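Novice: Starting off with a structure, shown below.
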Ligand code: ADP
């Protein structure tokens, strides 16, 4: 008996049949009622809802027979479905060549009459048929045919409905499974998120619902736990405006991570528009089968870090601009290799061309011999002890032979993971200033020298005059001559000061050291001053035997200068205290007054050459700002220290210390 051929179309039909999940299911009342009705309408004892599987026909409902399936080889329905839109009617199977040898015809149930309407679904697949069978010859009338057709289409409707229900049911089940999975995973995820030191949050669904976020993330958002369960847009509109949801959705759908470093963003945080920098990433969370079930949002607030770095970069830029505009030369020495890297401006100061090589040795060669030792020592000390330096010295240009004065600073910078330890610094061409100072000094030197000899003669004449006045016992003449002598002494002191400055120049002060007792020195100054000072009370504290090895005249000059200043800058009838004690291995001298005091700004500068504090109280007090400068040079020459402690309006204490003779 010919059979329905198994070709591609047939395979598709079988596949469609399987998709209804109807085969081998239990009998159902709905379908049985249809076969019942079909048999009644057509007046046949048998009615079947038959589905044609690959090798069999299977009955969903079988009225009048007890079998649930038969071999496809003997199936009438397999023939019926070949013409899906037509009812197939076999009035007498015994007379039909296709069926006369069919065992179902020759044997039980002795099929003679067959009428089958194919069950065709909405995709055009003929899945089987609704058929009626009898053991006697028969022919359906139109009403019966129509009835069979209607019932067949009802079977199909039921099948399709059933399929939809099954799909819906399995979808529901899948959602339920997914949710279970989500719950289980969320539990794990939340634990990790809670304990992580990064800001973290978990989002799910295409609306990026915030399932959970740790405290750090809530802080970053400026929100509370109230945002949990809300879609991103609704919970964080200020961030949604920055396009985050779109980026997150992309990760969710593509399954690919997204990250940004030092991303700059501004948003309203706790009611204030603020600027932030974040390293952040969105990582899709996947189930074992690769489906994305959530998104992990991780953020690290690097605002401080980035701002600090930007501030440093800005400061560096400003420094570069400052170095350029001040025309500073800069240099750098690798403390390990001693490699010397000069800037172009530095080469220029040393008289080299920009393209010339200028190693450290070459630079040193341009420094005159008398200064070379000081410079190399300063560099070596800075490298070995970290002591910064600030020195002035001349250099002779390599190509042009010109002498230029420079002010050089150097500072040691310890190494770190990325930098070698290095010494670097700046160099400023101060030739003009030096020449100006030189001119001033030359002038002061010449003028003072020229004034000195007439003044010495004048003093001599005044002394003769004073002696004569004493003899004549002319009181008013004596008074006038001693006043004139005192004024000429003042003038002498001033000129001596000028000459000292002029002589000082750039060389160190010359000292004539002897070992003497500071107690004697203080006593000398006391007897000299007490004679001349009537406006102030000068109190000398008793001084113990304190031996120093120093230039007595010069140290006395410092003490007297301090006391004279104390007198000059304090109101009349106030007290000045002079004290000399031993402090460690130094003799420590203080002169304390109750005068106008010195502001903090001026305190740092009063020892500079020609510096005078600017104030209306001082304008009427004569002076040139060289006394303290000379004092400083003298004390430094002794390897000592000098300074002042003061409070504006409350008096000053000038002090110096020089090493004791033993310490020498
Ligand atoms: P001069 O007194 O001739 O101006 P100095 O070098 O001795 O020069 O002093 C420098 C400056 O320091 C003074 O002009 C004054 O402003 C300030 N100064 C010095 N001594 C005192 C003091 N005892 N009290 C207040 N200011 C002082």
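Novice: Can you give the direction-averaged projected area of the convex hull of the alpha-carbon atoms in the chain, in nm²?
Specialist: 56.5
Novice: Using 0.36 nm per residue, how much length does the chain from residue 12 to residue 314 gain when fully extended, once their Cα-Cα distance is taken away?
Specialist: Stretched out fully, the residue 12 to residue 314 stretch lengthens by 101.4 nm.
Novice: Distance in nm between label sites at residue 33 and residue 206, each 7 Å beyond Cα in the beta-carbon direction?
Specialist: About 4.0 nm, to one decimal.
Novice: Could you tell me the relative contact order of the range 322-376? Use alpha-carbon pairs under 8 Å, at least six residues apart, and round to a whole percent.
Specialist: 23
Novice: For the range 240-392, what ratio Rg/Rh do Cα atoms give with a Kirkwood hydrodynamic radius?
Specialist: With Rg and the Kirkwood Rh in hand, the quotient comes to 1.29.
Novice: Using the eigenvalues of the Cα gyration tensor, what equivalent ellipsoid semi-axes result for the range 10-167 when each is taken as the square root of five times the eigenvalue, whole Å, largest first?
Specialist: 23, 17, 14
Novice: How far is helix 369-385 tilted, in degrees, relative to the longest principal axis of the Cα atoms in the chain, given as a value from 0 to 90 rounded to the nearest 10?
Specialist: Approximately 40 degrees, to the nearest 10.
Novice: Note down the relative contact order for the chain as a percent, whole number, built from C-alpha pairs under 8 angstrom at least six residues apart.
Specialist: Relative contact order, the chain: 6 percent.
Novice: I would also like to ask the following. Can you give the extra length, in nm with one decimal, that the chain gains between residue 545 and residue 573 once fully stretched, where that is 0.36 nm per residue apart less the Cα-Cα distance?
Specialist: Roughly 7.0 nm would be gained on extension.
Novice: Can you compute the modelled spin-label distance between residue 432 and residue 371, with each label point 7 Å from Cα toward Cβ, in nm?
Specialist: 1.8
Novice: Quickly estimate the mean residue ellipticity at 222 nm for the chain, helices only: each DSSP H run with n ≥ 4 gives -39500 (n - 2.57), and the total goes over all residues, rounded to 500.
Specialist: Mean residue ellipticity, 222 nm, calculated: -14000 deg cm²/dmol.
Novice: Also, quick follow-up: Mind running the shape call on the range 342-478? Use the C-alpha gyration tensor, a ≥ b ≥ c as the square roots of the eigenvalues: rounded below 1.5 for a/c, prolate if a/b tops b/c, oblate otherwise.
Specialist: prolate
Novice: Quick one: if you stick a label point 7 Å off each Cα along the C-beta vector at residue 122 and residue 326, how many nm between them?
Specialist: 8.6
Novice: Moving on. Starting with the highest mean, order 294-302, 417-425 by the number of other Cβ atoms within 10 Å, averaged over the residues of each peptide.
Specialist: 294-302, 417-425
Novice: If you average the sequence gap of Cα pairs under 8 Å that are 6 or more apart and divide by the length of the range 196-307, what percent do you get for the contact order?
Specialist: The normalised contact order for the range 196-307 reaches 26 percent.
Novice: Which residues in the range 319-347 place their backbone N less than 12 Å from a point set 7 Å from the Cα of residue 356 along the Cα-to-Cβ direction?
Specialist: 346-347
Novice: While we're here: Using the Cα gyration tensor of the range 429-529, with a ≥ b ≥ c the square roots of its eigenvalues, what is the shape: rounded (a/c below 1.5), prolate (a/b larger than b/c) or oblate (neither)?
Specialist: Judged from the Cα gyration tensor, the range 429-529 comes out oblate (a/c at least 1.5, b/c at or above a/b).
Novice: After finding the eigenvalues of the alpha carbon gyration tensor for the range 497-633, what semi-axes result from the square roots of 5 times each, listed largest first in whole Å?
Specialist: 24, 21, 14
Quick note: the coordinates plus some simple rules give every number you see, no bench work behind them. Given the structure is predicted, the values throughout are model-derived calculations rather than measurements. Methodologically, a virtual Cβ is constructed for each residue, glycine included, from the backbone with ideal geometry; neighbour enumeration extends over all protein chains shown.
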